[in-house]
Amino acid sequence: MARAWAEIDLPAIDRNVGRIKQSLPSRIRYVAVIKADAYGHGMPEVAARLLQAGVDCFAVANVAEAARLREVGHDGDILVLSPSLPEEHDRAVHLDLDLTLNSPEEARALAAAAARAGRRAKVHIKADTGMGRAGVWHAEAPALIDFVRACADLEWRGFYTHFSEAGSDHAFTAEQRRIFLALLDAVPERERSRLMIHADNSAGLATFSADSPFNAVRVGLMQYGLPPAEGSFLESLRPEPALSFHSRVVLVKRLPAGTAVSYGRTRVLGRESRVAVVAVGYGDGVPTAASNRGYFLIRGRRCPILGRVTMDQTVVDVTEVPEAVAGDIATILGAQGADRITVEQFCSWSDCIPWEALCTLTQRVQRVYRTDRT
Ligand SMILES: *Cc1c(COP(=O)(O)O)cnc(C)c1O
């Protein structure tokens, strides 16, 4: 048994995808976002399972991630979401990736790589409609669109934008949609009908409209079982968290009242205590922000973190759990016994967001896959 491991419930991912697909019209294509090692769940295993669950294609962050997906045998469409650099273009063309274009310079460099390879490069144009990050600023998008339409070395396959506040500001999101759709209106119908047109991430699903010209969604967080905003319709889809995170108690001992626990002596015991040393720390993905704030579950009980989380070890209070012994499982995220530490709770004491909580689990955390219901 590993000292720190994440259990990945692949059937839960199946069920999440099923629920999301059911909430959408059947014509909508499902782009499964599996960047950052499938949000820490492990890209090869998750990609294979997502294909079984009926997703249409994949999106990743960059060319290196796309290359890894090709290496594990995926020969379907792969959309690269982040801007690319000229030195990545030959490889991207060779791997037959769909790259995102964010500027005329990027488009020219990619067209040159395609010409060198003697084939057309597949592209999606991304418009910045207010996210203020990647994408061509919307006022400058028509010029990029014209360039791509006229370029024989580029095959225009998709047009998209990204929302900055889909889960929290519906008015701003509606304005982003309006700006995007106005750009789309200027594209001749015969070309528009060939494009994949997409904007919605997980949070966007809450305001997705079936009678819009959008014909695809890009889903990350929700398929792993986490609704991006509390209280939204997305919670009614009952997503099931696919990942739980566990470690082992490696030492239990008594410490006298007045002892300071861990680096910096930030916590002085107010009573004689039984403490458990758990073999997990920030080297595994437990943020130092959880020091003196978070809890691990041991024997189904909440055991408060004492003092600072360190790289390899975290100390918790097991005074109220007299049966705790070395070897016990400590659950950092997920269910144990009748209790459960939710990602929301973990994030609240770790000062992080759900996306971050998942993808900061390090390589030292062994991934263990559950393939069927037990
Ligand atoms: C990461 C990402 C997504 C997926 O977002 P979720 O909130 O995880 O669903 C979609 N689109 C783009 C451009 C992204 O970078």
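Here the simple spin-label model places points 7 Å from the Cα toward Cβ, and for GLU272 and GLU230 these points are separated by 4.0 nm. The antiparallel fraction among DSSP beta bridges confined to the chain stands at about 50%. Exposure proxy for ASP185, ASP96, ASP372, ASP153: other Cβ atoms within 10 Å of each Cβ, ordered fewest to most, give ASP372, ASP185, ASP96, ASP153.
Structural size metrics of the chain, computed from C-alpha coordinates, are Rg and Dmax of 23.7, 78 Å. On the principal axes of its alpha-carbon atoms, the range 82-235 has extents of 51, 33, 26 Å, going from largest to smallest.
Taking VAL325, VAL217, VAL315 in turn, the Gaussian network model of the chain (Cα-Cα springs below 10 Å) assigns the largest fluctuation to VAL325. Here the range 56-224 is treated with +1 on each Lys and Arg Cβ and -1 on each Asp and Glu Cβ, and its dipole about the Cα centre works out to around 260 debye. Taking the C-alpha atoms only, the angle from helix 43-52 to the longest principal axis of the chain is near 60 degrees.
For the range 247-298, dividing the convex hull volume of the Cα atoms by the residue count gives 89 Å³ per residue. Can you check what the net charge comes to around ARG194, using other residues whose Cβ is under 11 Å from the Cβ of ARG194 (Lys, Arg +1; Asp, Glu -1)? Around ARG194, the surrounding residues sum to 0. Comparing VAL316, TYR282, PHE245 along the charge dipole axis of the range 243-370, the residue lying farthest to the positive side is VAL316, per the Cβ-charge model. Using only side-chain charges placed at the Cβ, +1 for Lys and Arg and -1 for Asp and Glu, the dipole size of the chain relative to its Cα centre rounds to 940 debye. Working from Cα positions, state the angle (0 to 90°, nearest 10) between the long axis of helix 104-117 and the longest principal axis of the chain. Helix 104-117 sits at roughly 80 degrees to that axis.
Counting Lys and Arg as +1 and Asp and Glu as -1, what is the net charge of the other residues whose Cβ lies under 15 Å from the Cβ of GLY337? List each step's numbers first, then the result.
Values: positive: ARG299, ARG301, ARG302, ARG340; negative: GLU320, GLU323, ASP328, ASP339.
Taking every other residue near GLY337 into account, the sum is 0.
The modelled label-to-label distance between ASP96 and ALA171, using points 7 Å beyond Cα along the C-beta direction, is 4.8 nm.
All distinct Cα pairs of the range 243-370 go into the 1/r average, and the inverse of that average, the Kirkwood radius, is 14.5 Å. What is the helix-to-structure angle for 170-185, meaning the angle in degrees between its Cα long axis and the longest Cα principal axis of the chain, kept from 0 to 90 and rounded to the nearest 10? Tilt of helix 170-185: around 30 degrees. By the rule of a C-alpha distance below 30 Å, with chain neighbours fewer than 8 residues away ignored, the lysines paired with LYS21 are LYS35, LYS122, LYS126. Other residues within the sphere of radius under 14 Å centred on the Cβ of GLU87, judged by their own Cβ, net out at -2 (K and R +1, D and E -1). Here the Debye sum runs over all C-alpha atoms of the range 152-253 as equal scatterers in vacuum, and log10 of I(q)/I(0) at q = 0.13, 0.24 Å⁻¹ comes out as -0.58, -1.27.
Each residue of the range 86-94 was assigned a 3J(HN,Hα) from its phi angle through the Karplus expression (A = 6.51, B = -1.76, C = 1.60, θ = phi - 60°), giving x, 5, 8, 6, 4, 5, 4, 5, 4 Hz with x at Gly and Pro. Of the residues PRO83, GLY225, THR129, the one whose Cα sits farthest towards the positive end of the charge dipole of the chain is GLY225 (charges of +1 on Lys and Arg Cβ, -1 on Asp and Glu Cβ, taken about the Cα centre). A Cβ-based charge dipole, computed about the Cα centre of the range 243-370 with Lys and Arg at +1 and Asp and Glu at -1, lands at about 240 debye.
Here, each number is a calculation from the coordinates, and none is a lab measurement. Remember, it's a predicted structure, so these values are computed and weren't measured experimentally. Reconstructed Cβ throughout: ideal geometry from the backbone, glycine too, with neighbour counts over all protein chains shown.
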